[in-house]
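Below you'll find the structure, written out as structure tokens, and then a few comments.
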Amino acid sequence: MQAGRVFGEGRRSPGAALVVRRSRRCSVHRQRLGWFLLALGLSVAPGSFVAASEGGRSGFSGAPQDSGGAVCSVCHTANGATAPGIGIVGPSRMNAGASQNFFVVMLGGPARTAGVGISVSDDAGTLEPFDQDLQIDKGELVHKHPKAFEGDLVTFVFRYIAPSYNTDVTLYAAGNSSNGALDIRGDAIASTRHSLRIENGAAQLPPRPPADKSADMTSRLFAQGLSQPTVIAHAADERLFVAERAGAIRIVESDGSVLPGAFLDIRGQVLSTASELGLLGLAFHPDFTANRFFYVYYTVAIGDGETRSRVSRFQATADGNRASADSETVLLEFFQPFANHNAGDLHFGPDGYLYIASGDGGSGGDPFSNGQNTSTLLGKLLRIDVDATSEEPDAAPDCNLLAGSGYRIPSGNAFDDGKGGAGCDEIYALGLRNPWRFTFDSVTGDLWIADVGQREVEEVNFIPAGSGGGANLGWDCFEGGEEFEPLGCRLDYLAPVHTYFHSASPGGCSITGGRVYRGSRYPLLQGQYFFTDFCQSSLRALSGPDDGFAMRVVAPANELAGVSTFGEDSAGELYVAELASGNLFRLEPVLPEGDVDGDADVDFNDVVIIWFAIGEAVQAGDRRDVNQDGIITEADIALAGQNCSRAACAIR
């Protein structure tokens, strides 16, 4: 079982602090620990199968609130292996607020490597890692990597901080004893629990803090009449530009109306005969208002059946509402061996350079290992300078199928040693399968990449602002955090910050990367990365690095279907598009009760507005009338206060 990747030695990649590595901490000596167990009278629980998610993710501990006693369909398979013995070593009583180290001990089974999951009933108190063996994932302690047995024994150490009140709690632990193959077969799982009485504290559980109402989102229909939308972009004004897969770009006004005709129509030259071919990328030059340049990525047929990806520049007319196909300047072309995995997203980064997402060339399983092949542009994130051309060998285009120098290679790419050197100089990052959508945080400059998985795992990658080129994101050595084709994989890889399995909840089959919210209407959403899955379109949000990239579902799957892309307007508000229906939706939070000013946060401003309306008789639906009894009273203020955000309540 594997939570993070076990990496070989090699060149350090940017953001290497995010890469999980093997620990060399010495474990407790087996004989001494055996006497310790006897002294405590510990009974080692017999093996039993529990709900578990492979990869050391939450739900593995077997706690009833997480598993409900269910057996997970994607758990490690015993395959006839003998279950290990497992126990939790520690006191049975603790003072409220005290801290205590506990041991999870496993004996037997295949006994090559082990993983563990640990949780506590009712989220009472706090679980913390003792050392580098464990990490927090969605409230549970899970292993960072498989830990080797010594003989037939292995231990994990964790710290538990008791709550401030008197209560009885249960510590849950489940562990797997592995044959070392890391393929989730031939393993055996056992679980145990440890009862603990917390005493000498407060008499009862303190009231819970106000709920975080920023978790609930909804989608509002904004525009209709589009055909298979693939990109939503803006040109620093109130309009939205929507690319259609067949090869047209349409303008959507700020009121949701779609202008007749196309902003650009290149349907005659775009190859869109398969579902992953077509007009796939659109980005406006940062100085569009002055030069009227914009850039597109599309697939094109060349000669006798050859398919290429093409990046071109076009120029809009003076009024900004039209662009002629004749204004095209082709900048870059590269060969596509198959019809799928073409990626195609385009964005200008905070450095002013154009970033280009390229898939691994398609088929399945990356048959040519393009993700790790530095002599091809497939399976990469590319970076070029479209504002300068250069005849200097070290800055000229390298792996472009076109002659000429329509762009320059920025310094700091993964390979910037001139044409024909160690790798394609256009490469900024490598090891990608099909990064259908990526984005830059418009405030921090951090880079978020959603990479579509192969058979089981979808992933989100994160490259901090200011990182140099050369990050290797692992494909096809890894799919998410799981080994895929490990032969010859001895480099360092940048681990994803979030993964999910197709068969796990909320699951899916093909991640649709999104955007970081930086609008002004809803302050509580600031800095959150929103994304979804094409097959399971529940809306999901990841917190930023300061909050450990925590994920939560913020809108159910039945609101949207087949979301193909995200976008934002010039004010930073977010939109999504459905591929089949062609509908465009604006994302908005569900306003909590007591939020009068509509910013998705109940705060002091709302309380004041309600206060000044006390005594007024109002119509049904007036948000100041929180209890909807037809009159504003102090009871409405009290109800609003229950939903007040923590920061605002501190002010109050």
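The values are calculated or read from the model by the stated rules, or taken from the named source; none is laboratory data. Because the structure is a prediction, the values reported are computed rather than measured. Cβ: placed from backbone, ideal geometry, glycine included. Neighbour counts: every protein chain shown. Side chains are part of the model used for accessible areas, which takes the heavy atoms of the whole protein and leaves out ligands, DNA and RNA. Shrake-Rupley method; radii C 1.70, N 1.55, O 1.52, S 1.80 Å.
Output yes when any residue across the range 105-116 is more than 22 Å from residue 149 (Cα to Cα), touching a residue at least 12 places away in the same chain (Cβ under 8 Å) and part of a strand (DSSP E or B), and no when none is. No, that holds for no residue. Scan the range 523-542 for residues that are touching a Ser or Thr at 6+ places or on another chain (Cβ under 8 Å) and open to solvent by 10 Å² or more (accessible area, probe 1.4 Å) and report the count. Count: 5. Among the residues of the range 323-342, are any among the aliphatic types (A, V, I, L, M), assigned to a strand (DSSP E or B), surrounded by fewer than 19 Cβ atoms within 10 Å (Cβ to Cβ) and modelled with pLDDT of 95 or more? The answer is yes, given that some residue of the range 323-342 is among the aliphatic types (A, V, I, L, M), assigned to a strand (DSSP E or B), surrounded by fewer than 19 Cβ atoms within 10 Å (Cβ to Cβ) and modelled with pLDDT of 95 or more. State which residue is most open to solvent (accessible area, probe 1.4 Å) when the search covers only the range 227-274 and only residues that are in contact with a Gly (Cβ under 9 Å, 6 or more places away or on another chain) and of a type in the set (Ser, Thr, Tyr). Per the stated criteria, the residue is 227.
Each row is one residue, and each column tells you yes or no for (1) without any contact (Cβ under 8 Å) to a residue 40 or more places away in the chain; (2) among the hydroxyl-bearing types (Ser, Thr, Tyr); (3) not in a loop (DSSP other than H, G, I, E, B).
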{"residue": "492", "(1), (2), (3)": "no, no, no"}
{"residue": "521", "(1), (2), (3)": "no, no, no"}
{"residue": "536", "(1), (2), (3)": "yes, no, no"}
{"residue": "554", "(1), (2), (3)": "no, no, yes"}
{"residue": "564", "(1), (2), (3)": "no, yes, yes"}
{"residue": "582", "(1), (2), (3)": "no, no, no"}
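Restricting the search to the range 133-146, which residues are over 21 Å from residue 547 (Cβ atoms) and modelled with pLDDT under 90? Selection gives 143, 145, 146. Which one is farthest from residue 120 (Cα to Cα), of the residues in the range 169-184 that are among the hydroxyl-bearing types (Ser, Thr, Tyr) and modelled with pLDDT under 85? Ranking the qualifying residues of the range 169-184, first place goes to 178.
Looking across 417, 425, 451, 476, one residue alone is buried (at least 23 other Cβ atoms within 10 Å of the Cβ) and free of Cβ contacts under 8 Å to residues at least 60 places away in the same chain. It is 425. Residue 552 meets all of the listed conditions (1) under 30 Å from residue 344 (Cβ atoms); (2) of a type outside the set (A, V, I, L, M); (3) out of contact with any helix residue (DSSP H, G or I) (no Cβ under 7 Å at 6 or more places or on another chain); (4) open to solvent by 40 Å² or more (accessible area, probe 1.4 Å) but one, namely (3).
Filtering 514, 508, 445, 468 for residues that are surrounded by 18 or more Cβ atoms within 10 Å (Cβ to Cβ), touching a residue at least 24 places away in the same chain (Cβ under 8 Å) and out of contact with any Phe, Trp or Tyr (no Cβ under 6 Å at 6 or more places or on another chain) leaves a single hit, 508. Restricting attention to the range 584-618 and to residues that are open to solvent by 10 Å² or more (accessible area, probe 1.4 Å), assigned to a helix (DSSP H, G or I) and in contact (Cβ under 8 Å) with a residue 12 or more places away in the chain, the residue that is nearest to residue 514 (Cα to Cα) turns out to be 604.
Does residue 570 satisfy the condition of being closer than 26 Å to residue 509 by Cβ and either at pLDDT 95 or above or touching a helix residue (DSSP H, G or I) at 6+ places or on another chain (Cβ under 6 Å) (or both)?
Taking the combined requirement at face value, the residue does not satisfy it.
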